[in-house]
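The values are calculated or read from the model by the stated rules, or taken from the named source; none is laboratory data. Keep in mind that this is a model prediction, so the values were computed, not measured. Methodologically, a virtual Cβ is constructed for each residue, glycine included, from the backbone with ideal geometry; neighbour enumeration extends over all protein chains shown. Please note that ligands, DNA and RNA were not included when accessible areas were found on the heavy atoms of the full protein model with its side chains. Shrake-Rupley method; radii C 1.70, N 1.55, O 1.52, S 1.80 Å.
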Amino acid sequence: MTLQSTEARYTGFEIRGDGSLARPKMTFANVDGFMSNIISGKDDFVGLKITRIRTFLKYIDNINFIDNINPFGSPDPTAKFPNETYFINQKIVEDKHAIQFELTSEL
């Protein structure tokens, strides 16, 4: 797996019908050991609270687009889904390319 220097990937946030809770993963590029240096001495961020905020593209603030104009609609910071809270459970990968964390639900 190769990520660009500022890239992050988030996977596994699906909702399951069998009642089991998702264990999403967050992956960050680790170019020149940048992320390794950040988590060093911080218990690999275990227990760190992560809040997932979701909305539709048409409601995202203008500042996130070229020329500060959302071409898909009108920004509305109140139009969003309920926040989802997770905690970092463990670091599962750390190499020169990437660092990956497993998340657990607050439940």
Worksheet item: Is it true that Asp67 is modelled with pLDDT of 90 or more, in a helix (DSSP H, G or I) and either within 19 Å of the chain's Cα centre (by Cα) or surrounded by 13 or more Cβ atoms within 10 Å (Cβ to Cβ) (or both)?
Response: no
Item to complete: Examine the stretch 91-107 for a residue that is open to solvent by 80 Å² or more (accessible area, probe 1.4 Å) and not in a loop (DSSP other than H, G, I, E, B), and state whether such a residue exists.
Response: yes
Worksheet, complete the sentence: Note on Ser20: of the conditions (1) farther than 28 Å from Thr78 by Cα; (2) open to solvent by less than 80 Å² (accessible area, probe 1.4 Å); (3) modelled with pLDDT of 90 or more; (4) of a type in the set (S, T, N, Q), unmet is (3)
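Rundown of residues vs (1) on the phi > 0 side of the Ramachandran plot; (2) under 16 Å from the mean Cα position of the chain (by Cα); (3) open to solvent by 70 Å² or more (accessible area, probe 1.4 Å); (4) among the aliphatic types (A, V, I, L, M), yes/no style:
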residue: Thr11; (1), (2), (3), (4): no, yes, yes, no
residue: Glu14; (1), (2), (3), (4): no, yes, yes, no
residue: Met26; (1), (2), (3), (4): no, yes, no, yes
residue: Leu48; (1), (2), (3), (4): no, yes, yes, yes
residue: Thr55; (1), (2), (3), (4): no, yes, no, no
residue: Asp76; (1), (2), (3), (4): no, no, no, no
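Filter the stretch 36-76 down to the residues that are aliphatic (A, V, I, L, M) and in contact with a Pro (Cβ under 7 Å, 6 or more places away or on another chain) and list them by number. Spell out how you get there, then give the answer.
Taking the stretch 36-76 first, the residues aliphatic (A, V, I, L, M) are 38-39, 46, 48, 50, 53, 57, 60, 63, 66, 69.
Across the stretch 36-76, the qualifying residue is only Ile60.
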Worksheet item: Any idea which of Asp67, Asp76 is free of Cβ contacts under 8 Å to residues at least 40 places away in the same chain and in contact with a helix residue (DSSP H, G or I) (Cβ under 6 Å, 6 or more places away or on another chain)?
Response: Asp76
Discussion item. So Asp44 ticks every box in (1) under 22 Å from Phe101 (Cα atoms); (2) in a loop (DSSP other than H, G, I, E, B); (3) among the acidic types (Asp, Glu) but one. Which box is left unticked?
Written reply: (2)
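Tell me, yes or no, whether the stretch 54-63 has at least one residue that is assigned to a loop (DSSP other than H, G, I, E, B), farther than 14 Å from Gln100 by Cα, of a type in the set (Lys, Arg) and free of Cβ contacts under 8 Å to residues at least 12 places away in the same chain. Steps first, answer last, please.
First, the residues of the stretch 54-63 that are assigned to a loop (DSSP other than H, G, I, E, B): 54-56, 60-61.
Then keep just the ones that are farther than 14 Å from Gln100 by Cα; that gives 54-56, 60-61.
Next, only the ones that are of a type in the set (Lys, Arg) stay: 54.
Those still in the list that are free of Cβ contacts under 8 Å to residues at least 12 places away in the same chain too: none.
No, the stretch 54-63 contains no residue that is assigned to a loop (DSSP other than H, G, I, E, B), farther than 14 Å from Gln100 by Cα, of a type in the set (Lys, Arg) and free of Cβ contacts under 8 Å to residues at least 12 places away in the same chain.
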Practice prompt. Output the residues belonging to the stretch 6-34 that are closer than 21 Å to Phe87 by Cβ and not in a loop (DSSP other than H, G, I, E, B).
Written response: Ala8, Arg9, Tyr10, Thr11, Lys25, Met26, Thr27, Phe28
